[in-house]
Structures are given as C-alpha cells and as structure tokens.
1. Restricting to strands (runs of 3 or more DSSP E) lying wholly in the stretch 1-102: which have 1 or more residues that are over 30 Å from S141 (Cβ atoms) and open to solvent by less than 80 Å² (accessible area, probe 1.4 Å)?
2. How many residues, within the stretch 101-126, are at pLDDT 90 or above and farther than 27 Å from N66 by Cβ?
3. For K59, indicate whether it is modelled with pLDDT under 85, in contact with a strand residue (DSSP E or B) (Cβ under 8 Å, 6 or more places away or on another chain) and within 18 Å of I145 (Cα to Cα).
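The values are calculated or read from the model by the stated rules, or taken from the named source; none is laboratory data. Everything quoted here is computed from the prediction, not taken from an experiment. Note that each Cβ is placed from the backbone with ideal geometry, even for glycine, and that neighbours are counted across all protein chains shown. Just so you know, the surface numbers come from the protein's heavy atoms only, side chains and all, with ligands and any DNA or RNA stripped out. Shrake-Rupley method; radii C 1.70, N 1.55, O 1.52, S 1.80 Å.
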Amino acid sequence: MKTPSKRRIDTIFVLIIFSVFALSVLMVLMLGARVYKSMTDIAKERQDERTLLSYVWTKVKINDKNGSIRIGEYFGLNVLCFDEEYEQTMYTTAIYLHDGWVYELYTETSLLAESDPQHGFAPEDGVKVMGIESLEFTQYSHGLIKVATNTSHLLIYPRSAETVIGGRAVS
C-alpha cells in the first residue's frame, strides 16, 4: 500500500512528464509553422518571379519589330524599352524596377529622356505591375536579351534580331 507522500510524488512525476510532453509538442508545432511559412514565402517569391518573366517575355514578343527593343538607362535605372512610331511621334514603353516594384511607363520618347521632373517623368509615374526584389535587363550581341531576377533568369531572342550563322542571315 502506497503512502500519501508516495502518491503525491507519483502524481507530481506524471504531471512533470505530461508537461514535458505538452511543451515538446508545442515546440514542434511552432517550428513546423515557421518552416511552413518560410516555404510558402519562398514558393510565392518564385511564383512572382516566374509570372514577371512570363510578363516580360510576352511584352517582348508583342513588340518584336525590327529595332524596337532596347535596353536603356533612365532615372538612373536599368530599363527595358519598346519603341514605336505613331502619327510621326516616337513613343516608348519602359519596364523597370523602382523601390521594390516593377513599373511600366508608356510615354513619348522625348519626355522619357527628360531629366527634369517638371517636363519629363519620375520613376513613380509608371503603373505598378508587381512587387519584386530584383530585376535586371542585359542585351547581348545579336539582340539576345537576358532578364534576371533574384533566383531566375530568362533569355529571349527576338525574331526581329538577325544574326549571321555559317555565312547566311538567320532571323
């Protein structure tokens, strides 16, 4: 027969074991929730990057006219430009990254080149397309364009860009 003090020690021991178990379960759940949030954040960022790359690819394919696609620098930013002429006036669609947002700006080419904000445009004047951390455009010889984000990149070879392969022109 157990004495009352022995019964108290057994009860305390069971409560301590239960508390340790409950604390362990709580810690595992908290760690799992943190890992899940981290994984979903990474998946969302990569999905956003893929969406942005698809958006840029589509814009290039839509505007793929001879000499209309170029990489420029406006507002001190790396900008992908699509030039077009309408009623004897040159217009530019510019895609660029500013303050964590990808913007698209459509304007007369001469206004885009203005550095004076009263006569030209500021980077914030474009339409916000999506938030993203990093975006860089590079144009290589023969018209090849590289679009790079934090974890992905895309190489686009516009059909309007011509190169010479084996002594003959290929587009």
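1. Because the criterion is at least 1 residues that are over 30 Å from S141 (Cβ atoms) and open to solvent by less than 80 Å² (accessible area, probe 1.4 Å), the strands (runs of 3 or more DSSP E) in the stretch 1-102 that meet it are 89-98.
2. Summing the residues that are at pLDDT 90 or above and farther than 27 Å from N66 by Cβ in the stretch 101-126 gives 1.
3. no
Let's see how each residue does on (1) in a strand (DSSP E or B); (2) of a type in the set (K, R); (3) within 21 Å of L105 (Cβ to Cβ):
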residue	(1), (2), (3)
F121	no, no, yes
V129	yes, no, yes
E133	no, no, yes
T138	yes, no, yes
L155	yes, no, no
P158	no, no, yes
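Conditions tested, residue by residue: (1) surrounded by fewer than 13 Cβ atoms within 10 Å (Cβ to Cβ); (2) at pLDDT below 90; (3) among the aliphatic types (A, V, I, L, M).
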| position | (1), (2), (3) |
| --- | --- |
| S141 | yes, yes, no |
| N150 | no, yes, no |
| L155 | yes, yes, yes |
| I165 | yes, yes, yes |
